[in-house]
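Novice: Questions regarding the structure given below will be posed in turn.
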Amino acid sequence: MSTDARPGLSSPDKLLWPQAGITKADLWDYYTAAADRLLAAAERRPLTLKRHPAGVERSGFFQKHLGTDAPDDLHRFTTWSHSSERDVDYLLAAGLPELQWAAQMAVVELHAWLSRTDRPDRPDTLLFDLDPSSDDQSVPQAAWWLRELLDELGLPPRVKTSGKRGLHVVVRIERRYSFADLRAFALAVARCLADRHPDHLTVEMRKADRRGRLLLDWSRHGPGQHAVAAWSPRATPTASVSVPVTWDEVGDDLDPSRITVSTALHRPDPWQHPAPAERIESARAQLAGWGYEAVDRSPRARTTT
């Protein structure tokens, strides 16, 4: 594609992923080709941007506030930040211009809120991040155990790669619960599963308390917290992409590093049709009957498991 076909793109030959030979122009082309999938995943969700202007082999940084240098015509969501004590303008990917601007700014990862702008205090996604800390922890096995439990609770989950070594197991939720409600519920689910497989799984956020077990990360359910969006690239050596996968693909032979900017869009989209939104009252009562009350806790505190 000629430079004329990428208006506003400077330094198109800049290598962002040197090991994979992926340039800034390639990122622009990927965002353009993946626009339908990315825009569906990020629709009305404020985005936190991970930028690597010097390429992924050099340090990058997260950007929340767009700042005054961003074009005025970009869609954005403004909200007060208590930690920064100021208004923060988050990017909203409302169309192709936002994605192409992201490519120009060397945004190699798009991280989306679990809620949408019209009801930012009501999440619509229950998410468990299964991220191994060592090679002997089987993420696919943990994902299948989690699926079995969620199926028992009447909450059929979907799954995607994190784009790194982990998997994200997600359930679409009706927007009637607070973040505290959903975090408490996620912790109850995770505690139940960790007790079923105590030698392999833990809910403890502190690494020192995990004792070699895989973390069932239940903590993403908080205002302003985010997870990498489906179809977003990652800052990995291979230019891998976080992609939805079918449950049939979830096994020890699943290698997320091989699903890259160059290959991801050759795959069908298992999430093309939205899943129905679920309610958690019945599942919460079922967990309570098993001895797992939904009690909210700070991710910084030790749990009882």
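Novice: Would you be able to say whether some residue in region 122-143 is basic (Lys, Arg) and touching a Gly at 6+ places or on another chain (Cβ under 7 Å)? Give the steps one after another, and end with the answer.
Specialist: Of region 122-143, the ones basic (Lys, Arg) are 122.
Add one more test, that the residue is touching a Gly at 6+ places or on another chain (Cβ under 7 Å), and what stays is none.
No: zero hits.
Novice: Check whether at least one residue in region 12-27 is closer than 30 Å to Asp124 by Cα and either part of a loop (DSSP other than H, G, I, E, B) or at pLDDT 95 or above (or both), and report yes or no. Please lay out each step first, then the result.
Specialist: Just the residues of region 12-27 that are closer than 30 Å to Asp124 by Cα, to begin with: 27.
Checking which are either part of a loop (DSSP other than H, G, I, E, B) or at pLDDT 95 or above (or both) leaves us with 27.
There is at least one residue in region 12-27 that is closer than 30 Å to Asp124 by Cα and either part of a loop (DSSP other than H, G, I, E, B) or at pLDDT 95 or above (or both).
Novice: Output the number of the condition that Thr125 fails; it satisfies all remaining conditions of (1) open to solvent by less than 10 Å² (accessible area, probe 1.4 Å); (2) touching a Lys or Arg at 6+ places or on another chain (Cβ under 7 Å).
Specialist: (1)
Novice: Do you know which residues across region 249-260 are among the β-branched types (Val, Ile, Thr), in a loop (DSSP other than H, G, I, E, B) and touching a Ser or Thr at 6+ places or on another chain (Cβ under 8 Å)? Please lay out each step first, then the result.
Specialist: Within region 249-260, the subset among the β-branched types (Val, Ile, Thr) is 250, 259-260.
Applying the additional criterion that residues be in a loop (DSSP other than H, G, I, E, B) yields 250, 259.
Hit for region 249-260 is Ile259, nothing else.
Novice: Can you give me the number of residues within region 203-249 that are of a type in the set (Phe, Trp, Tyr) and under 11 Å from the mean Cα position of the chain (by Cα)? So that I can check it myself, show each step before the final result.
Specialist: Pass one, region 203-249, residues of a type in the set (Phe, Trp, Tyr): 218, 231, 247.
Narrowing the set further to residues that are under 11 Å from the mean Cα position of the chain (by Cα) leaves 231.
Going through region 203-249 one residue at a time, the tally reaches 1.
Novice: Under 9 Å between Cβ atoms, at least 6 apart or on separate chains: pull out the pairs that start in region 163-179 with a residue that is farther than 18 Å from Ser219 by Cα and end on any residue that is modelled with pLDDT under 95 and surrounded by 22 or more Cβ atoms within 10 Å (Cβ to Cβ).
Specialist: Within 9 Å, the pairs are Gly163/Pro256; Lys164/Pro256; Arg165/Pro256.
Novice: Could you please let me know if Arg119 is open to solvent by 40 Å² or more (accessible area, probe 1.4 Å) and modelled with pLDDT of 95 or more?
Specialist: Numbers: open to solvent by 40 Å² or more (accessible area, probe 1.4 Å): yes; modelled with pLDDT of 95 or more: yes.
Against the criterion (open to solvent by 40 Å² or more (accessible area, probe 1.4 Å) and modelled with pLDDT of 95 or more), Arg119 qualifies.
Novice: Okay, next question. Just give me the residues in region 199-217 being in contact (Cβ under 8 Å) with a residue 24 or more places away in the chain, open to solvent by 10 Å² or more (accessible area, probe 1.4 Å) and either touching an Asp or Glu at 6+ places or on another chain (Cβ under 7 Å) or of a type outside the set (A, V, I, L, M, F, W, C) (or both), in sequence order. Full working, then the answer.
Specialist: To start, the set of residues in region 199-217 that are in contact (Cβ under 8 Å) with a residue 24 or more places away in the chain comprises 200-207, 209-210, 212-217.
Cutting the leftovers down to open to solvent by 10 Å² or more (accessible area, probe 1.4 Å) gives us 200, 204-207, 209-210, 212-213, 215, 217.
Listed by number, the residues that qualify are His200, Glu204, Arg206, Lys207, Asp209, Arg210, Gly212, Arg213, Leu215, Asp217.
Novice: Let me ask something else. Here are Arg302, Arg220: which of them is open to solvent by 20 Å² or more (accessible area, probe 1.4 Å), at pLDDT below 95 and over 20 Å from Arg158 (Cβ atoms)?
Specialist: On the way: Arg220 fails: over 20 Å from Arg158 (Cβ atoms).
So the residue among Arg302, Arg220 that is open to solvent by 20 Å² or more (accessible area, probe 1.4 Å), at pLDDT below 95 and over 20 Å from Arg158 (Cβ atoms) is Arg302.
Novice: Moving to a separate point now. Mind checking which pairs have a first residue in region 44-69 that is over 24 Å from Ser83 (Cα atoms) and a second that is in a strand (DSSP E or B), Cβ under 8 Å, 6 or more apart or different chains?
Specialist: From region 44-69, the pairs are His52/Leu16; His52/Val108; Gly55/Leu15; Gly55/Leu16; Gly55/Trp17; Val56/Leu16; Val56/Trp17; Val56/Val108.
Novice: Select from region 60-100 the residues that are open to solvent by 30 Å² or more (accessible area, probe 1.4 Å), within 14 Å of Leu39 (Cα to Cα) and either at pLDDT below 95 or of a type in the set (A, V, I, L, M, F, W, C) (or both) and list them in ascending order.
Specialist: Ala94, Leu96 - these are the residues of region 60-100 that are open to solvent by 30 Å² or more (accessible area, probe 1.4 Å), within 14 Å of Leu39 (Cα to Cα) and either at pLDDT below 95 or of a type in the set (A, V, I, L, M, F, W, C) (or both).
Novice: Out of all the residues in region 156-168, is one or more modelled with pLDDT of 95 or more, among the hydroxyl-bearing types (Ser, Thr, Tyr) and either open to solvent by 70 Å² or more (accessible area, probe 1.4 Å) or within 21 Å of Leu287 (Cβ to Cβ) (or both)?
Specialist: No, region 156-168 contains no residue that is modelled with pLDDT of 95 or more, among the hydroxyl-bearing types (Ser, Thr, Tyr) and either open to solvent by 70 Å² or more (accessible area, probe 1.4 Å) or within 21 Å of Leu287 (Cβ to Cβ) (or both).
Novice: So which of Ala275, Ala227, Ala283 ends up being open to solvent by less than 50 Å² (accessible area, probe 1.4 Å), part of a strand (DSSP E or B), closer than 25 Å to Trp145 by Cα and in contact (Cβ under 8 Å) with a residue 40 or more places away in the chain?
Specialist: Numbers: Ala275 fails: part of a strand (DSSP E or B); Ala283 fails: part of a strand (DSSP E or B).
Step by step, each of Ala275, Ala227, Ala283 is checked, and only Ala227 is open to solvent by less than 50 Å² (accessible area, probe 1.4 Å), part of a strand (DSSP E or B), closer than 25 Å to Trp145 by Cα and in contact (Cβ under 8 Å) with a residue 40 or more places away in the chain.
Novice: Could you list, in sequence order, all residues of region 28-38 that are within 13 Å of Val241 (Cα to Cα) and in a helix (DSSP H, G or I)?
Specialist: First pass over region 28-38, keeping only residues within 13 Å of Val241 (Cα to Cα): 30-31, 34, 37-38.
Passing the criteria: Tyr30, Tyr31, Arg37, Leu38.
Novice: Is there a residue in region 238-251 that is touching a residue at least 24 places away in the same chain (Cβ under 8 Å) and open to solvent by 70 Å² or more (accessible area, probe 1.4 Å)?
Specialist: Quick first cut of region 238-251, residues touching a residue at least 24 places away in the same chain (Cβ under 8 Å) only: 238-247, 250-251.
Now narrow it down to the ones that are open to solvent by 70 Å² or more (accessible area, probe 1.4 Å): none.
Among the residues of region 238-251, not one is touching a residue at least 24 places away in the same chain (Cβ under 8 Å) and open to solvent by 70 Å² or more (accessible area, probe 1.4 Å), which makes the answer no.
The values are calculated or read from the model by the stated rules, or taken from the named source; none is laboratory data. Just so you know, these numbers come straight off a predicted model, no measurement behind them. Positions of Cβ are backbone-derived with ideal geometry, glycine not excepted, and every protein chain shown enters the neighbour counts. Quick note on the areas: whole protein, heavy atoms, side chains included, nothing else; ligands and nucleic acids left out. Shrake-Rupley method; radii C 1.70, N 1.55, O 1.52, S 1.80 Å.
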